[in-house]
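Trainee: One structure is given below, represented as structure tokens, and several questions about it will come after.
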Amino acid sequence: VQLQASGGGLVQAGGSLRLSCAASGRPFTNYAMAWFRQTPGKEREFVATISRDGRFPTYADIVKGRFTISRDNGEKMVYLQMNSLKPDDTAVYYCAGGTYYTGASALEAYEYWGQGTLVTVSS
């Protein structure tokens, strides 16, 4: 599956952004989908994941209550709605797809990765 992330940009602290990830190729429902993020000099970190049927989201503690992951299997899209953004949320955000696991936060659980989209939150 090929993944294409979009929707990043510059936003003030307290604002909102919605990231999108478009999938193409193999059947979308084969994959649990996730968002990760990375800042320079740091490891890529887990943000959120959602099950193949969209019923079971899982979030990193640092975004719980502020971010919402969702998917539209008919459109082959996964979204990350980000509210109450903080400067610490500044990062390149990546979408990922994994065949074998559900609810996984480890990088190794995801075989497919899109290019990143940059989110910058100003204070």
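The values are calculated or read from the model by the stated rules, or taken from the named source; none is laboratory data. Please read all numbers here as calculations on a predicted model, not as lab measurements. Cβ: placed from backbone, ideal geometry, glycine included. Neighbour counts: every protein chain shown. Protein only, heavy atoms only, side chains kept; ligands, DNA and RNA dropped before computing areas. Shrake-Rupley method; radii C 1.70, N 1.55, O 1.52, S 1.80 Å.
Trainee: Work out how much length D53 to A106 would gain on full extension: take 0.36 nm times their residue separation and subtract the Cα-Cα distance, in nm to one decimal.
Mentor: Between D53 and A106, full extension yields 17.1 nm more.
Trainee: Then there is this: Which whole-Hz ³J(HN,Hα) couplings does the stretch 99-105 yield from phi under the Karplus relation 6.51 cos²θ - 1.76 cosθ + 1.60, θ = phi - 60°, glycine and proline marked x?
Mentor: Once rounded to whole Hz, the list reads 8, 9, 10, 10, x, 7, 10.
Trainee: Quick query: amide H of V47 versus all other amide H atoms, modeled in the peptide plane; which residues come in under 5 Å with a sequence gap of 5 or more or a different chain?
Mentor: Amide H neighbours of V47: W35, F36, R37.
Trainee: Okay, moving on. When the accessible area of the chain is split by element with a 1.4 Å probe, what percent falls to carbon and sulfur?
Mentor: Solvent-exposed carbon and sulfur of the chain make up 48 percent of the total.
Trainee: Once fully extended, how much extra length lies between K64 and T99, figured as 0.36 nm per residue of separation less the alpha-carbon to alpha-carbon distance?
Mentor: Stretched out fully, the K64 to T99 stretch lengthens by 10.2 nm.
Trainee: Ok, one more. In Å², what does the accessible area per residue of the chain work out to with a 1.4 Å probe?
Mentor: Per residue, the chain has an accessible area of 51 Å².
Trainee: Separate question: Give the ranking of M77, M33 by solvent-accessible surface, highest area first, calculated with a 1.4 Å probe.
Mentor: M77, M33
Trainee: Under 22 Å Cα-Cα from K86, which lysines qualify once same-chain neighbours fewer than 8 residues away are excluded?
Mentor: K42, K64
Trainee: For the chain, calculate the relative contact order in percent as a whole number, restricting contacts to Cα pairs under 8 Å that are 6 or more residues apart.
Mentor: Relative contact order of the chain: 36 percent.
Trainee: Right, something else. Place a +1 charge on the Cβ of each Lys and Arg in the chain and a -1 charge on the Cβ of each Asp and Glu, then give the dipole magnitude about the Cα centre in debye, rounded to the nearest 20.
Mentor: 180 debye
Trainee: Follow-up. Expected output is a single nm value to one decimal: the length gained when fully extending between D72 and R26, i.e. 0.36 nm times separation in residues minus the C-alpha distance. What is it?
Mentor: 15.1 nm
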